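This report concerns only the one structure given below.
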Amino acid sequence: MPDHPRVVLLKPLVTSPLIEVGEYSYYDDPDDATAFETRNVLYHYGPEKLVIGKFCALGTGVRFIMNGANHRMDGPSTFPFPTMGGSWAEQFDLLTGLPNRGGTVVGNDVWFGHGVTVMPGIRIGHGAIIATGAVVTSDVPDYAIVGGNPARFIRSRHNEEEVARLLEVAWWDWPAEHITGHIRTLMSGSVDDLEKAAPAQT
């Protein structure tokens, strides 16, 4: 981003077919924000996907742990011997069929604080806020604020009726020029204001 070399839009950088990122979602990292795909999406051997919506803000050190990190726990040892190769690789069937929670899906307009870790197969709802240092081990509802290790529900940003209205408005799907004309409403208006600003249905 201009004048902010530590901030990058993720969509143009992603090359893996297993990662999808929506428009305007960004990552901030003073070391190398462009290495997000390899440094921040870990153990991603497939086939599950990581899907990040539009307008998400990811603080430095946000990491997504994928299902490839899983180890067997039903025997005396958790060590993944077959991955070391050689004759041990003949036992690779011991690593197939491990429990898999599926892909990780992040909604639109989600804010991740510094150093957040998201475990495999998590669903994070639209408009959620994930506090600094949180370890997300279970799904996060739309417009929830969560924090801690493991991350726990702190509060909702809006009441149930307002959340339903916000999901109906789905401002992240508005045309870019319409969003541009309503930045002040998006950042500081009420749900009523946002509904009034919505583009006319055709």
- Rounded to the nearest 500 deg cm²/dmol, what is the calculated helix-only ellipticity per residue at 222 nm for the chain, with -39500 (n - 2.57) per DSSP H run of length n ≥ 4? -3500 deg cm²/dmol
- Query: Hey, which lysines would be in cross-link range of LYS11, C-alpha to C-alpha under 20 Å, not counting anything within fewer than 8 residues on its own chain?
  - Reply: LYS49, LYS54
- Just one of (i) 29; (ii) 21; (iii) 25 is percent of Cα pairs over 32 Å apart as worked out from the coordinates here. Which one is it? (iii)
- Message: Based on alpha-carbon centroids, what's the gap between the stretch 112-128 and the stretch 178-202 in Å, whole number please?
- Response: 26
- Comparing MET119, MET187, MET84, which has the greatest mean-square fluctuation in the GNM of the chain with Cα pairs linked when under 10 Å apart? MET84
- LYS49's amide H: which non-local residues (gap 5+, or another chain) put their own amide H closer than 5 Å, with H modeled 1.01 Å from N in plane and none for Pro or chain starts? GLY103, THR104
- Query: So what is the relative contact order of the stretch 130-202, in percent, for Cα pairs below 8 Å that sit 6 or more residues apart?
  - Reply: 20
- Message: Please give the charge dipole size of the stretch 19-68, origin at the Cα centre, charges +1 on K and R Cβ atoms and -1 on D and E Cβ atoms. Round to the nearest 20 debye.
- Response: 180
- Checking THR137, THR117, THR104 against a Gaussian network model of the chain (alpha-carbon springs below 10 Å), the top fluctuating residue turns out to be THR137
- Query: Using alpha carbons only, how many degrees (0 to 90, rounded to 10) separate the axis of helix 160-169 from the longest principal axis of the chain?
  - Reply: 80
- Message: I'd like the antiparallel share, as a percent to the nearest 5, of DSSP beta bridges with both residues in the chain.
- Response: 25
- What order do you get for 53-59, 164-170 when each peptide is scored by the mean count of other beta carbon atoms within 10 Å, highest first? 53-59, 164-170
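Values quoted throughout were computed directly from the atomic coordinates according to the rules given, and no laboratory measurement underlies them. Keep in mind it's a predicted model, so treat the numbers as computed, not measured. Neighbour counts are summed over all protein chains in view; Cβ atoms, including those assigned to glycine, are modelled from backbone coordinates with ideal geometry.
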